[in-house]
Amino acid sequence: MTATSAVMNPSEAVSPRKRQVSDFSELTRAVQETGLMRRRYAHYWGRFALLCALLAGAVALMVTLGDSWWQLAVAGGLGLLLTQFAFLGHDAAHRQIFDSGKWNDWASLIVANLFGGLSYGWWLHKHSKHHQKPNVEGVDPDMLNGVLTWETNTLEKPKTGIKAWLVARQGNWFFPLLLLEGVNLHVAGLRTILGKGPVKRRGTELTLVSIRLIGYVAAVFLLMPVGLGFAFLAVQLGSFGFFMGASFAPNHKGMPTVGPDVKIDFLRRQVLMSRNIHGGRWVAVFMGGLNFQVEHHLFPSMPSPALREVRPMVKQFCADKGIKYTETSLIESYKIVIDYLNRVGLSARDPFQCPLTAQFRSAR
């Protein structure tokens, strides 16, 4: 026993709650001292210029090919390219690109609405709630049950009949369903813009999205016959949805889920509910830097190229504090997601016997 601890009044002891808060403060101070929070203007302007050049090349190729089924290869590449634009919009929305909040807002608005055909306002509202409460049942928008059942504790009744049969095998349908995600993203954005709820810059969003969607579809049918045009749109939307879903799903799906009543501090909430994907530079490019999901959730305004650099510090800090830090390969993460969905689907036939939320509670 040290002299300090010998004279300390028990009422002055640091509570577990305060100690947990101070843990994140300690990590934040250490990270800020590294300078990794500084803006990376050259990186982002260079990235934007490269994507614009590739987009111009894709358009030129579409014009050159004309009535050719090679257009479908262009459509697949365009889906991947638009996913990369979406990552840029994501970074701007998180205040990663510019010091100015206004500049970040407009950058994300232009990239998301004009290049992606999505609604920045819809995405920002949804994604902000996700960051605040990742994997919280009934709260995290990415965990809400719909076509897929992500958790069973909020189910009002068991799945029966054909629904039970389908949901029990829902993991097997996950990747095929991602082919429809592109359409879903466009529709969700339009519903928000045209809906009755409040939308900041509604007129601007509607104008940019209309230019993107109407102009794009018109250009496709001007360059191609009707049949080929529809095939082009199907491949482009399918690949866009697939790449988007395949980039975001590994980050949290299959990690512990908790009920809204569970109390957990910010540091542990973000680390325990997130999964990193290890791999080389191409994995980082494919996932837009979101393979460093733990670090992104802890420091959402940190520029994505800095996440790789801060990872060793965060990983060591978690080891020192006894906080589980999860990292796996991309292929393994997909296996985890599929298995997780099938296990939840089987439990959906009797949601009151689902053991999934016990993962976290039993580990505490």
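Here are a few things to note about the model shown:
- Tallying residues that are more than 21 Å from Leu180 (Cβ to Cβ), of a type in the set (A, V, I, L, M) and out of contact with any strand residue (DSSP E or B) (no Cβ under 7 Å at 6 or more places or on another chain) within region 133-162 yields 2.
- Residue in region 211-227 that is closer than 29 Å to Gly171 by Cα and in contact with a Gly (Cβ under 6 Å, 6 or more places away or on another chain) present: no
- Check on Ala49, farther than 22 Å from Phe248 by Cβ and at pLDDT 95 or above: yes
- Tallying residues that are in contact (Cβ under 8 Å) with a residue 24 or more places away in the chain and either in contact with a Lys or Arg (Cβ under 8 Å, 6 or more places away or on another chain) or of a type in the set (Ser, Thr, Tyr) (or both) within region 189-210 yields 3.
- Verdict on Phe243 being open to solvent by 40 Å² or more (accessible area, probe 1.4 Å), in a helix (DSSP H, G or I) and at pLDDT 95 or above: yes
- Taking the criterion of being over 20 Å from Gly195 (Cα atoms), in a helix (DSSP H, G or I) and of a type in the set (A, V, I, L, M, F, W, C), the only residue of region 119-154 that qualifies is Met143.
- When Lys200 is tested against the conditions (1) loosely packed, with under 14 Cβ neighbours inside 10 Å; (2) touching a helix residue (DSSP H, G or I) at 6+ places or on another chain (Cβ under 7 Å); (3) modelled with pLDDT of 95 or more, the lone failure is (3).
- Complete set of residues in region 331-364 that are modelled with pLDDT under 50 and surrounded by 13 or more Cβ atoms within 10 Å (Cβ to Cβ): Cys354, Leu356, Thr357, Gln359, Phe360
- The residue list Thr83, Thr64 contains one member that is modelled with pLDDT of 95 or more and buried (at least 18 other Cβ atoms within 10 Å of the Cβ), which is Thr83.
- Restricting region 285-303 to residues that are at pLDDT 95 or above and not in a loop (DSSP other than H, G, I, E, B) leaves a set whose member that is nearest to Phe48 (Cα to Cα) is His296.
- Taken over region 140-194, residues that are in contact with a Cys (Cβ under 7 Å, 6 or more places away or on another chain) and surrounded by fewer than 17 Cβ atoms within 10 Å (Cβ to Cβ) amount to 1.
The values are calculated or read from the model by the stated rules, or taken from the named source; none is laboratory data. Worth saying up front: this structure is predicted, and the values here are computed from it rather than measured. Please note: Cβ atoms are built from the backbone with ideal geometry, for glycine as well, and neighbour counts cover all protein chains shown. The accessibility values were calculated without ligands, DNA or RNA, using every heavy atom of the protein model including side chains. Shrake-Rupley method; radii C 1.70, N 1.55, O 1.52, S 1.80 Å.
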